[in-house]
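Everything on this sheet refers to the single structure shown next.
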Amino acid sequence: MTAKIISGTEVAKEIREELRQEIAGLKEKHNLVPGLATVLVGADPASQSYVGGKEKTSIELGIYSERHDLPEETTQDELLALVDRLNKDPKIHGILVQLPLPKHLNETEVLFAINPQKDVDGFHPVNVGKLMIGEPDYLPCTPHGIQQLLIRTGVQVEGAEVVVVGRSNIVGKPIVNILLQKRAGANATVTICHTGTRDISFHTRRADILIVAAGRPKAVTADMVKEGAVVIDVGVNQVGTTAEGKRILVGDVDFEGVKEKASAITPVPGGVGPMTITMLMVNTVKAARLAAGLA
Ligand code: GUN
């Protein structure tokens, strides 16, 4: 079997078109323009590229975008002061502090300082807790994008055996909580594997849907995948640079091998990546609605 390619680029385009119309309607009927502030500390090239993509997409969709690029040596107090200012700014409905932060900064304290109503990443403990009890305001962008990819490409999620490789707070843990919810597009049986798992293949070979966010190229190879499984590759690993200086990226899944066994697979790039940015836009529009009492 050669797998169908699940195009995040295509699905993201479809959602962005819906959003563009919604944003135009908010402006026309309520004179409401959703506003997003992105904060980047330091000059990590991957983070710069991600924040650039978020800014570009906001502008394309008609979202007011404010970018705050701070130097590497920014102090914790300076960063907290900026977050406080953005918390109080009525033009700003969503605040995104790009992670990881430089080592000298306390990431947890910064995430806790963001007003939960403006936490469009869904990383504040209030939002993490709301998801856990099935009452979410904002779903974290990457896992929400994965769920939308599955739903919108017709993958049967309800009742499926889902195995997740990787337990990060950004992907692994929230995708488990999302797909566990007792509702349409979820209601799956979920297993999470990590570096402490005794026999990862034992679990991955049982998966109808295998979600890989391990942070390592070829963490999943064909022998670890069940015939006909749907494979979602969340990895973004830079393995080199082209002659023009562009980053060469691969996922966490051995794409060439696994595509011969899976029924469907996401590519890298063009799979989960475009969905993450799009779901950030979805959350920003939701934040603007909630702030205006229009939810
Ligand atoms: N770094 C990697 N993924 C993310 C994300 O979804 N949000 C933020 N803020 N930083 C990230």
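None of the figures in this text is laboratory data; all of them are computed from the coordinates on show. Predicted model only: the values in this text are computed from it and were never measured. All Cβ positions, even for glycine, are placed from backbone atoms using ideal geometry, and neighbour counts span all protein chains on display.
Of note:
- Candidates Gly42, Gly228, Gly245, ranked by Gaussian network fluctuation over the chain, Cα under 10 Å, top entry: Gly245
- Listed residue (Val258, Ala288, Gly270) projecting farthest to the positive dipole end of region 186-295, Cβ model: Ala288
- With contacts taken as Cα pairs under 8 Å and at least 6 residues apart, region 17-168 reaches a relative contact order of 19 percent.
- Under-5 Å amide H pairs with Lys226, H placed in peptide plane, nonlocal only: Ala207
- Difference of contour (0.36 nm per residue) and Cα-Cα distance, Gln48 to Glu135: 28.1 nm
- Based on C-alpha pairs under 8 angstrom that are at least 6 apart in sequence, region 176-255 has a relative contact order of 24 percent.
- Angle of helix 45-61 to the longest C-alpha principal axis of the chain, folded into 0 to 90 degrees and rounded to 10: 70°.
- For region 66-77, 3J(HN,Hα) computed residue by residue from phi via the Karplus equation (6.51, -1.76, 1.60; θ = phi - 60°) reads 10, 10, 10, 9, 10, x, 3, 7, 3, 8, 4, 5 Hz, glycine and proline entered as x.
- Length released on extending from Thr75 to Ala292, taking residue separation times 0.36 nm less the Cα-Cα span: 74.8 nm
- Three-way shape label, region 1-81, alpha-carbon gyration tensor, a/c 1.5: oblate
- Model label sites at Ser263 and Asn169, defined 7 Å from Cα along the beta-carbon direction, differ in position by 3.7 nm.
- Mean separation of Cα contacts under 8 Å, 6 or more apart, over the residue count of the chain: relative contact order %: 22
- Additional length obtainable on full extension of the chain from Lys27 to Thr108, 0.36 nm per residue less Cα span: 25.7 nm
- Modelled spin labels at Arg216 and Asp89, positioned 7 Å past Cα toward Cβ, are 4.1 nm from each other.
- Under the convention that each Lys and Arg Cβ holds +1 and each Asp and Glu Cβ holds -1, the size of the dipole of the chain around its Cα centre is about 580 debye.
- Backbone amide hydrogens, once placed in the peptide plane, bring Val97 within less than 5 Å of Val39, excluding anything fewer than 5 places away on its chain.
- Computed FRET value (nearest 0.05) for Asp223 with Lys246, which takes r as the C-beta separation and R₀ as 25 Å: 0.20
- Evaluating 6.51 cos²θ - 1.76 cosθ + 1.60 at θ = phi - 60° for every residue in region 270-277, the Karplus couplings come out as x, x, 6, x, x, 5, 4, 5 Hz, glycine and proline recorded as x.
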